[in-house]
1. Within the range 18-58, track down each residue that is over 29 Å from the mean Cα position of the chain (by Cα) and either surrounded by 10 or more Cβ atoms within 10 Å (Cβ to Cβ) or closer than 20 Å to Leu77 by Cα (or both).
2. Between a first residue in the range 63-75 that is touching a residue at least 12 places away in the same chain (Cβ under 8 Å) and a second residue that is assigned to a helix (DSSP H, G or I) and surrounded by 10 or more Cβ atoms within 10 Å (Cβ to Cβ), which pairs have beta carbons less than 9 Å apart while being 6 or more apart in sequence or on different chains?
Amino acid sequence: MNAEAKFVSSVMDARLKKAKRERDAYKKQRDELINDMAEVKRKAEAFDEIAVTVLSEDNDVIKNMNNIVTKIVINNLECGSDE
């Protein structure tokens, strides 16, 4: 190989390494996003289960608590709160 061919080869190798690093970074981001989505889904399912359980109770104390919790939840939803 002449000098020019070696130079071109080294440039292509460097570009390939950079592309692989970027690919790996995107894969890591994707995996983190998938894990975050799974966690949100689990939390939503748990919340739904709690809501169904609490809302189905006939106890007056539970009903009063339901009213308070419902107001808080509605207020948070209207405010766009994530907490």
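1. Glu57
2. So the pair list comes out as Asn66/Val54; Asn66/Leu55; Val69/Ala51; Val69/Val54.
Coordinate-derived values only; no laboratory data. Computed from a predicted model, the values in this text were never measured in an experiment. When we count neighbours, we look across all protein chains shown, and the Cβ atoms used for this are built from the backbone with ideal geometry, even at glycine.
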